[in-house]
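Rule-based calculations on the coordinates, nothing more; no lab input. Source: prediction; values computed, not measured. Virtual Cβ from ideal backbone geometry, glycine too; neighbours counted across all protein chains shown.
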Number of protein chains: 2
Amino acid sequence: MTISTEEENMPDLSIDVVAKAAGVHRSTVSRAFSRPEAVKSETREHILRVAEGLGYTMSPLAQALRRKTSNIIPLIVPDITNPFFAELAKTMTQAADERGYQLMLCVTNGDPAKSDGYFTAMQAMYAPFGIVAPSTKVDTEALKRFAFGHKVVVIDRVEGDDSVPTVTVDSRKGIMLALDHLHSLGHTSIGYVSGIAGTHTAQDRMDAYLELTAQSGSTPVVLDSGSDLDAGTRGAEHFLAMDNPPTAIIAANDMVAFAVISALGRSGLRVPEDVSVIGFDGLALGARFNPPLTTVRQPIADMGHIAIELAEKQNVDGSVDHIVLEPELLVRGSTSELRK
Amino acid sequence: MTISTEEENMPDLSIDVVAKAAGVHRSTVSRAFSRPEAVKSETREHILRVAEGLGYTMSPLAQALRRKTSNIIPLIVPDITNPFFAELAKTMTQAADERGYQLMLCVTNGDPAKSDGYFTAMQAMYAPFGIVAPSTKVDTEALKRFAFGHKVVVIDRVEGDDSVPTVTVDSRKGIMLALDHLHSLGHTSIGYVSGIAGTHTAQDRMDAYLELTAQSGSTPVVLDSGSDLDAGTRGAEHFLAMDNPPTAIIAANDMVAFAVISALGRSGLRVPEDVSVIGFDGLALGARFNPPLTTVRQPIADMGHIAIELAEKQNVDGSVDHIVLEPELLVRGSTSELRK
DNA sequence: AGTGTTATTGCAACCGATCTCAGCAACCGA
DNA sequence: TCGGTTGCTGAGATCGGTTGCAATAACACT
């Protein structure tokens with residue numbers, strides 16, 4: 001006697017079989033699920049019960065096709081290998097499915113063609129909106145080529161276009177925090193190493209550094225303004241080659257801070273004993289770096305939630321907001337009092 | 001005079017409008033795209049040209065709905081914040097869309113309910129197959145509750161079930177590499193800190209360590225067998241509390257190696273001067289750690305490609321393979337000659 | 001010329017929902 | 001008792017493709 005495992009030939013559980021099983025029309029089943037108030041509660045419960053029993057769930061595909069709107073929302077990032085985006089992705093996944101969305105992670109590797117592809121794909125999937133994390137400027141330009149562009153929020157500043165909602169953190173404030181921290185430790189000569197190219201955020205941080213340093217009467221020392229992952233390494237090299245190097249370094253983001261410290265270490269320089277280094281991002285990873293990284297924390301989790309809220313808000317009332325969040329200083333072990 | 005941007009009221013570009021525009025029936029257009037050889041090349045080219053002109057692309061939704069198979073394939077990982085999974089995701093995205101698939105990243109955060117949800121979702125989306133990266137054992141158990149289970153490849157060993165294709169790296173070989181390296185540097189007392197809980201891989205590495213150490217006549221010293229991110233920290237604490245601590249430490253994966261080094265550093269111990277530490281993973285990040293991490297490299301990119309190949313292979317000829325890859329030693333700066 | 005392929009294309013049903021429109025019953029006030 | 005609401009459910013078209021089947025055209029062979 002063979003026990004027929006129910007999984008073997010399920011006759012493709014569709015709305016119709018549920019309807020038949022419940023003795024109602026398919027439209028009623030449909031309503032029972034997606035517009036509960038339009039069905040007599042008695043009927044609805046019966047249907048739901050039957051559906052439950054059959055193990056039925058609606059096909060998101062068919063639904064999306066008909067409704068012309070799905071629940072999958074793309075998060076477009078240049079590089080998931082960068083912990084900043086990874087953390088963003090993590091919190092956004094959560095934020096997304098708290099609201100019943102499915103986050104679809106799209107990695108462009110900085111290739112604009114790729115992001116174009118994702119845009120069209122998402123459009124075809126009837127994504128209700130999308131989120132774009134700091135990518136190159138051209139990426140965000142591309143947005144506009146798509147109708148989809150009116151339904152996207154960007155986690156970066158977008159120049160000359162207020163029509164797209166954005167959420168960012170106050171770069172100037174962040175740099176100020178870093179600078180103040182370093183000043184309070186006695187440092188006056190503070191270098192800078194730049195970050196991800198092409199993003200307005202990177203630009204803003206750099207500008208803020210330049211401006212604030214000048215304001216305080218010191219001379220800015222840009223150790224490297226490059227964009228790639230090796231900026232840190234080059235920055236360190238530059239530093240080592242200087243006659244009179246700064247006593248502290250601000251890195252445009254945690255990843256380059258890591259690279260700077262690593263490169264410095266290879267040359268026998270210790271952080272924070274010999275040089276203080278401060279990052280910008282507040283990655284969880286930084287807490288386990290050697291030494292634990294002092295950094296300016298961005299509220300990444302908040303950014304994720306807010307991005308989605310902004311998108312939803314725009315969807316209902318068409319409003320386009322620009323939220324700027326406050327960064328916060330996270331003192332760990334990579335900075336210390338200036339010692340002569 | 002207003003230039004009507006073509007984007008404004010596209011009458012919902014469907015296969016029918018292309019058909020009309022090309023003067024053929026919708027089915028012909030369909031074939032022109034998905035079964036080129038079934039259409040006179042002349043006609044096909046004409047259709048394609050027309051479609052191109054209109055900027056038409058097929059709706060993946062409608063396609064999937066009818067064909068009962070889509071091109072989106074899920075990659076299920078416990079935590080994208082862990083660089084190992086991030087790197088895996090990166091190479092897999094690439095491998096996927098080299099073959100015309102769309103990778104859908106699913107993060108479970110170790111929550112089995114979540115992965116269940118993903119499984120059903122993917123089933124509903126008609127994913128042709130899926131990839132599961134080392135998660136807890138129960139996760140992989142869950143696979144079997146789904147018809148989908150017969151179309152998934154796992155990046156981890158799966159106990160007592162040969163029916164699911166797997167790709168792994170030889171843990172024993174990896175540990176051996178690490179041990180040999182350390183031995184060759186003069187270390188004889190070598191500790192171990194464990195990794196991600198619940199995966200067979202973690203288990204295997206630990207077993208290999210235990211076995212190989214015993215074989216070489218030394219006594220194994222498991223500094224921590226925990227699973228969470230703090231295993232590294234605890235391992236280091238344990239190490240520091242020992243009367244006669246090992247001179248080298250093998251970490252079950254790079255992330256815990258980082259944590260170990262960081263914790264050691266906070267207590268004034270330097271790597272590799274005071275202790276040698278070797279990781280397991282070969283993360284790109286390790287090259288920028290302080291010091292650059294010596295580690296056993298897993299061919300992550302290969303794993304990604306192979307996983308997809310395995311899945312496709314199973315799809316066509318039903319074969320179930322178990323590929324085990326060779327790890328390789330990556331000597332960087334966190335290990336050094338034993339000094340008395 | 002007659003008949004048997006073979007290559008192309010059109011027809012129409014179908015995938016699994018949604019949604020507008022109608023139909024019908026119960027309910028309300030006059 | 002009757003027209004008018006209101007509440008609930010069924011019909012059927014539709015979303016954008018796919019595909020088996022039938023029809024026609026083209027070509028080969030005797």
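By the Cα gyration tensor, the stretch A:1-134 has an equivalent ellipsoid whose semi-axes, rounded to whole angstrom, run 37, 18, 14 from largest to smallest.
Projected onto its three principal axes, the C-alpha set of chain B covers 86, 55, 35 Å, listed from the longest axis down. Counting every other Cβ atom within 10 Å of each residue's Cβ, B:Ile175, A:Ile190 order from fewest to most as A:Ile190, B:Ile175. Taking the inverse of the mean 1/r over every pair of distinct Cα atoms in the stretch B:209-266 gives a Kirkwood hydrodynamic radius of 11.8 Å. Remark: mean inter-chain Cβ contacts per residue of A:103-110 equal 5, using a 10 Å Cβ-Cβ cutoff to other protein chain atoms.
Can you pull the mean other chain C-beta count within 10 Å for peptide B:254-265?
Working: counts 0, 2, 1, 1, 4, 5, 2, 3, 10, 3, 1, 6.
Average per residue, whole number: 3.
With neighbours defined as other Cβ atoms within 10 Å of a residue's Cβ, the residues B:Thr295, B:Thr201, A:Thr247 order from fewest to most as A:Thr247, B:Thr201, B:Thr295.
B:Glu312 label point (Cα plus 7 Å toward Cβ) to equivalent points in the other copies: 4.0 nm, shortest first. Listed from fewest to most Cβ neighbours within 10 Å, the set A:Asp12, A:Asp224, B:Asp243 follows the order B:Asp243, A:Asp12, A:Asp224. Per residue of peptide B:279-285, the mean number of Cβ atoms on other chains within 10 Å of the residue Cβ is 2.
Compute the relative contact order of chain A as a whole-number percentage, counting only Cα pairs closer than 8 Å that sit 6 or more residues apart in sequence.
Details: 598 pairs, mean separation 53.5, N = 340.
Worked out over chain A, it gives 16 percent.
Under 26 Å between alpha carbons: how many lysine pairs meet that in chain A, if sequence neighbours fewer than 8 apart on the same chain are excluded? For chain A, qualifying lysine pairs total 18. With q set to 0.11, 0.17, 0.27 Å⁻¹, the log10 of I(q)/I(0) for the stretch B:260-340, from the Debye formula over equal scatterers at the Cα positions, is -0.44, -0.71, -1.20.
Distances between copies of A:Met242, taken at a point 7 Å out from Cα along the Cα→Cβ vector and listed shortest first: 4.2 nm. Would the stretch B:20-67 count as rounded, prolate or oblate if I go by the C-alpha gyration tensor, calling it rounded below 1.5 in a/c and otherwise prolate when a/b exceeds b/c, oblate otherwise? Because a/c hits 1.5 or more and a/b fails to exceed b/c, the stretch B:20-67 counts as oblate.
Over the protein assembly as shown, the alpha carbon radius of gyration divided by the compact-protein estimate 2.2 N^0.38 Å works out to 1.06. Centroid-to-centroid, using Cα positions, the stretch A:273-340 and the stretch A:50-84 are 30 Å apart. Comparing B:Ser135, B:Ser115, B:Ser14 in a Gaussian network model of chain B (Cα springs below 10 Å), the most mobile by mean-square fluctuation is B:Ser14.
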